[in-house]
Structure formats: structure tokens, C-alpha cells
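Read-outs throughout are calculated quantities, based only on the coordinates presented, and are distinct from any laboratory measurement. As the structure is a computational prediction, the values presented were derived from the model and not from experiment. Ideal geometry is used to build each Cβ from the backbone, glycine not excepted, and the neighbour counts take in all protein chains shown.
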Amino acid sequence: MKIVVQKFGGTSVATRDGREAAAKRVKEIAAEGYAVVVVVSAMGRKGDPYATDTLINMVKDIYPETSPRELDLLTSCGEIISTVVMVNTLKNLGLNSIGLTGGQAGIITDLHFTDAHILRVEPEHVLRHLKRGEVVVVAGFQGLAETGDITTLGRGGSDTTAAALGVALKAERVEIFTDVSGVKTADPRLVPEAKTLTHMTYEEIVQMAYEGAKVVHPRAVEIAMKGNVPLLVKNTFEEKSKGTLITHVSEITKAWPDMRKGRLITGVTHIENMAKVTVFVEENTPEKDLKIFELLASHGISLDMITVTPERKSFIVKDEVAEQARFLLQEAGLDVEVLLSCAKVTVVGTGMRGIPGVMANVVQALTRQNIEVLLSVDSHATISCLIRGDKLAAAVKALHKQFHLE
Ligand code: ADP
Ligand code: MG
């Protein structure tokens with residue numbers, strides 16, 4: 001049995017038109033002789049009646065202390081509703097179809113409510129239905145803990161469901177359908193002229209996803225990479241969309257020998273709504289330095305772009321926890337400065353390893369636009385700069401142009 005997993009995101013299933021387009025994509029692949037597993041997200045985004053954020057706000061606005069366990073029970077409904085609607089859309093197109101919750105599909109997770117990890121997938125139930133010739137629609141984003149509790153997998157969790165099912169079912173590939181034509185050289189909302197990449201390696205997409213290109217969730221990519229299942233990112237609304245194929249570099253070079261040379265820069269990504277925190281200390285107070293990081297870690301505040309000099313420690317946190325971070329540090333007797341509403345822009349390229357001059361190009365592109373670099377860090381495959389949030393679009397555009405990605 002040849003299997004393909006197709007995942008449809010929130011924007012794809014939000015409207016009847018979207019769901020009908022999705023059903024056509026299912027019918028096309030089924031006509032090619034594939035057994036199809038469909039993974040759906042909740043319908044729509046914030047404000048839409050059954051979107052995840054709408055469900056959360058429904059109780060949180062009145063009862064802010066709602067427990068994570070009950071929040072998961074609530075938000076899992078979004079995908080279940082979407083599953084039932086999708087089953088009927090498929091049936092209407094003449095496809096024999098059945099809907100399953102994440103738990104029924106064998107997605108077994110740990111007990112970390114609202115951000116659970118998949119421990120294993122028990123695919124027997126899904127396989128049985130596929131063998132009967134049914135299209136199996138699975139509610140994304142959710143699983144079942146061994147205790148019998150319903151859990152959810154965190155933001156982008158439906159991508160993770162699709163990848164995990166793809167690996168467990170030994171699918172030929174996992175297709176991630178969304179509202180853009182594939183993975184692009186920058187977020188098309190900021191850079192309309194961004195190009196769709198025809199192919200990329202798992203490593204490239206992981207870097208881009210971690211640095212803000214949320215088109216595929218990084219956890220999903222890691223699962224697919226370990227399980228050797230190719231990902232194909234496509235547009236629900238385009239017929240015969242080629243999309244972006246994501247696989248191992250060895251597979252790609254078979255089809256595109258040019259890839260062997262490697263590309264220097266893959267794309268430009270960004271993360272908004274970050275706060276820069278600077279803590280001033282006297283020189284040579286290692287105990288104090290340690291206290292800063294321990295204190296924030298013990299309150300579950302995660303830090304990024306950490307820059308340490310003898311007299312100051314700088315890092316970024318999400319805007320929403322910045323006040324808490326300030327409070328904790330001040331209570332500990334530290335001298336703190338917070339700058340809200342910053343953005344992290346990142347140039348990603350696994351090919352830039354060891355190539356000189358990339359940083360100089362980044363700085364040149366930004367300074368030409370009078371964009372101040374507040375912090376910068378680099379790794380073997382990324383260069384990131386922190387800038388003021390109001391300069392975000394200009395910065396991404398400038399970097400995109402500087403590296404000739406248009
Ligand atoms: P879905 O609901 O289908 O999961 P998401 O909103 O999670 O959709 O992801 C699709 C969105 O990701 C696009 O609408 C696009 O604005 C955004 N995006 C950010 N960076 C990129 C990128 N480099 N390439 C393509 N899309 C991107
Ligand atoms: Mg998504």
C-alpha cells in the first residue's frame with residue numbers, strides 16, 4: 001500500500017471554498033492510487049468561531065487560571081470539529097472517509113499539557129481503515145497520554161501530527177498544504193516578491209523554522225528527517241502546485257546536481273514582539289551572572305541572543321514576559337533596562353559556513369537603511385540582528401535584496 005499524508009492548515013480549512021479545494025487535492029492523490037491520511041487543523045485564525053485562540057479566550061477571558069489539562073480538553077475540540085466537517089466534505093466528493101481523534105489515531109504523548117511531545121504512534125487503527133479503502137481524517141495538534149488524558153502538541157502541532165503519522169505509516173511523503181505556494185525566501189507578507197524554493201534540505205528548513213518561518217513547524221521537520229520521510233509544502237488553492245520539496249541533501253543532488261555547490265543564503269526570516277533586556281553588573285561578579293540566568297530559567301522564561309560582557313549581560317525574551325523578567329531581576333537587586341517591541345531578523349544559509357564577508361553584507365544592508373543593530377549573534381548557519389520592531393519590514397526587504405534572493 002502506497003501512503004501519502006496530507007495536512008491542511010487553519011487557513012485552508014477555514015472556509016467552505018478552502019475545504020472543497022482541500023478535498024480536491026485529496027481526490028487527485030487518491031486517483032493516483034495512494035491511500036490517503038488527511039490531518040486537519042482547527043478552522044481559521046483568532047476571531048473565527050472555532051479557531052484555537054477563540055476557544056482559549058472563551059474561558060481564559062473570564063477564568064484566567066483555567067488549568068492546562070482543561071485547556072487541552074477544550075482546544076482539542078477545534079480539530080475534532082474540523083475533522084467532522086472535512087469527512088463530510090470528502091464524502092460529498094464521493095470519497096469514502098472516516099474521522100479519528102488524535103488518540104484514536106494512536107498518537108501517544110507525554111503528560112506535558114499544552115506542549116506535549118509524542119512518545120510513539122500506534123498506527124494499527126489507521127492502517128485498518130486505509131486497507132478498507134477509506135480516507136482517514138485525523139484531528140491534528142492532539143494526542144492521548146497513557147493516563148487517558150487528552151493533550152495538545154503546542155503551536156504548529158498539526159504539522160507534528162502529520163510528520164509523526166507519515167513516519168509511523170512509512171508514507172511515501174507528507175504534504176503540508178497551506179495558503180502560500182511553498183517555502184519562500186522570506187515571509188511573503190513582508191516581501192511580496194519573495195521566491196518559492198523548489199527544493200531544500202531538512203537542515204535548511206529547520207534553521208528557517210526555528211528563526212521564525214512558521215510555514216512548517218521545526219519539530220515536524222525533525223521527526224520527518226529522523227524517519228526519512230520527505231516533506232512537500234504546497235498551496236491548497238493551486239492546482240498542480242509543485243511546491244517545495246524538503247529532503248536529505250543526497251536525494252536533492254540526484255535531481256538538482258547544482259545543489260552540490262550549495263547555496264550561500266537560503267532566506268531571510270524574522271521573529272517579532274521580542275524585548276531586549278540588559279542587566280548591568282560590576283566587573284567580576286560571576287555569582288551574580290549565574291543568578292541572572294538561574295532566576296529566569298526557574299520561572300520558565302526562555303532567553304535568546306545572549307550576549308555577555310564583563311559589565312553587561314544582554315538577551316531577548318518575548319514581549320509578554322518582559323515585565324515579569326524585569327520584576328524578578330529588580331527584586332534580586334539588579335540594575336535592569338528593558339526595550340520592548342523589537343524584532344529579530346535572521347539571514348539563514350547552511351552554505352555560509354566558513355564563508356567570509358556575510359556579516360559585513362548584513363551590516364551594510366541595514367546601515368544603508370539607517371537601521372540600528374541593537375544586538376547580533378551568529379552560528380554556523382545563521383546571522384541574526386535585533387532591531388526596533390518598526391523597522392522590521394524595511395530590514396527584511398533590505399537583506400532579501402542584499403543577498404539577491406528576489
Ligand atoms: P497554516 O495555517 O497552513 O499552518 P501558517 O500560518 O502556519 O499556515 O503558515 C503559513 C504562513 O507562513 C504563510 O501565510 C506566510 O505568511 C508565513 N511564512 C513566514 N515565513 C515564510 C516563508 N519563508 N515562506 C513561506 N511562508 C512563510
Ligand atoms: Mg502552521
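Let me have the 222 nm mean residue ellipticity of the chain computed from DSSP H runs of 4+ only, each contributing -39500 (n - 2.57), with the sum over all residues rounded to the nearest 500.
Values: 13 runs with 148 residues, N = 406.
Per the formula, -11000 deg cm²/dmol.
Angle of helix 68-92 to the longest C-alpha principal axis of the chain, folded into 0 to 90 degrees and rounded to 10: 40°. Helix 358-368 and the long axis of the chain differ in direction by around 80°, with both axes built from C-alpha atoms.
Past 32 Å, Cα to Cα: identify those pairs from LYS7/LYS254; LYS288/LYS391; LYS46/LYS291; LYS2/LYS254, in the order given. The partial results should precede the final answer.
Values: LYS7/LYS254 27 Å; LYS288/LYS391 34 Å; LYS46/LYS291 38 Å; LYS2/LYS254 22 Å.
Among LYS7/LYS254; LYS288/LYS391; LYS46/LYS291; LYS2/LYS254, the Cα-Cα distance tops 32 Å for LYS288/LYS391; LYS46/LYS291.
Sort 172-179, 282-289 by the packing proxy (mean of other Cβ within 10 Å over each peptide's residues), most packed first.
Values: 172-179: 23.5, 282-289: 10.1.
By packing density, highest mean first, the sequence is 172-179, 282-289.
For the stretch 147-153, 3J(HN,Hα) computed residue by residue from phi via the Karplus equation (6.51, -1.76, 1.60; θ = phi - 60°) reads 6, x, 7, 7, 10, 10, 9 Hz, glycine and proline entered as x.
Taking every DSSP beta bridge with both residues inside the stretch 277-397, roughly what % is antiparallel (nearest 5)? Here the share of antiparallel DSSP bridges comes out near 100 percent. From the square roots a ≥ b ≥ c of the eigenvalues of the alpha-carbon gyration tensor of the stretch 1-135, which class results: rounded (a/c under 1.5), prolate (a/b over b/c), or oblate? Oblate.
At a temperature of 37 °C and a viscosity of 0.692 mPa s, determine how fast the stretch 1-46 diffuses translationally according to Stokes-Einstein, using the Kirkwood radius over alpha-carbon pairs as Rh; express D in µm²/s, rounded to the nearest whole number.
On the way: Rh = 10.9 Å.
The estimated diffusion coefficient comes to 301 µm²/s.
When the expected Rg is taken as 2.2 N^0.38 Å, what fraction or multiple of it is the alpha-carbon Rg of the stretch 50-101? If you can, show how the numbers build up before the last one.
Working: Rg = 14.3 Å, N = 52, 2.2 N^0.38 = 9.9 Å.
Dividing the Cα Rg of the stretch 50-101 by 2.2 N^0.38 Å gives 1.45.
Which of these, THR309, THR161, THR54, has the largest mean-square fluctuation under a Gaussian network model of the chain (Cα springs below 10 Å)? It is THR309. Placing pseudo-labels 7 Å out from each Cα toward the beta carbon at ALA332 and HIS404 gives an inter-label distance of 4.8 nm. About its Cα centre, the chain has a charge dipole of approximately 1700 debye under the convention of +1 per Lys or Arg Cβ and -1 per Asp or Glu Cβ, with nothing else charged.
Can you pull the Kirkwood radius for the stretch 252-406, inverse mean 1/r over Cα pairs, to one decimal in Å? Don't skip to the answer; put the middle values down first.
On the way: mean 1/r = 0.0588 Å⁻¹.
That comes to 17.0 Å for the stretch 252-406.
Judged by the mean number of other Cβ atoms found within 10 Å, the most tightly packed of the peptides 388-395, 152-159 leads the ranking 152-159, 388-395.
Annotation: peptides 241-252, 215-226, ranked by per-residue average of other Cβ atoms within 10 Å with the highest first, follow the order 215-226, 241-252.
Helix 157-168 axis versus longest C-alpha principal axis of the chain: approximately 60°, rounded to the nearest ten.
Comparing GLY133, GLY354, VAL174 along the charge dipole axis of the chain, the residue lying farthest to the positive side is GLY133, per the Cβ-charge model.
Given a Förster distance of 25 Å, report the FRET efficiency between GLU28 and LYS214 from their Cβ-Cβ distance, rounded to the nearest 0.05.
Values: r = 26 Å, r/R0 = 1.06.
Result of the calculation: an efficiency of 0.40.
Rounded to the nearest 20, the size of the Cβ-charge dipole of the stretch 167-291 about its Cα centre is 480 debye, with Lys and Arg at +1 and Asp and Glu at -1. Close amide-amide hydrogen proximity is noted between VAL138 and VAL38, VAL39, VAL40, LEU100, each under 5 Å apart and 5 or more residues distant or on a separate chain (H modeled in the peptide plane; Pro and chain starts excluded).
Model label sites at ASN92 and SER298, defined 7 Å from Cα along the beta-carbon direction, differ in position by 5.6 nm. Using R0 = 22 Å, the C-beta based FRET efficiency linking ASP149 and ILE62 works out to 0.40. Between the stretch 95-109 and the stretch 221-275, the C-alpha centres lie 27 angstrom from each other. Dipole of the stretch 172-313 computed with +1 at Lys/Arg Cβ and -1 at Asp/Glu Cβ about the Cα centre; of LEU296, TYR210, ALA194, farthest Cα towards the positive end is ALA194. Relative to the Cα centre, the charge distribution of the stretch 20-112, modelled as +1 at Lys and Arg Cβ and -1 at Asp and Glu Cβ, gives a dipole magnitude of about 320 debye.
For the stretch 66-190, what proportion of DSSP beta bridges, expressed in % and rounded to the nearest 5, is antiparallel? Show your work: numbers first, answer last.
Numbers: 6 of 12 bridges.
Counting only bridges with both partners in the stretch 66-190, antiparallel ones make up about 50 percent.
Given the chain, what whole percent of its Cα pairs are spread farther than 34 Å?
On the way: 29223 of 82215 pairs.
Roughly 36 percent, rounded to a whole number.
Take every DSSP beta bridge whose two residues both sit in the chain, then give the antiparallel share in percent to the nearest 5.
Details: 42 of 71 bridges.
Once the DSSP bridges in the chain are tallied, antiparallel ones form about 60 percent.
Return the tail of the calculated pair distribution for the stretch 150-226, meaning the percent of Cα-Cα pairs more than 18 Å apart. Can you show the working numbers first?
Values: 1209 of 2926 pairs.
Cα-Cα pairs of the stretch 150-226 separated by over 18 Å account for 41 percent.
Partners of LYS401 within straight-line reach, counting aspartates and glutamates whose Cα lies under 14 Å from its Cα and excluding those fewer than 8 residues away in the same chain: ASP187, GLU193.
May I ask for the equivalent-ellipsoid semi-axes of the stretch 83-200, computed as the square root of five times each C-alpha gyration tensor eigenvalue and listed largest first in whole Å?
On the way: eigenvalues 146, 83, 36 Å².
That gives 27, 20, 13 Å for the three semi-axes.
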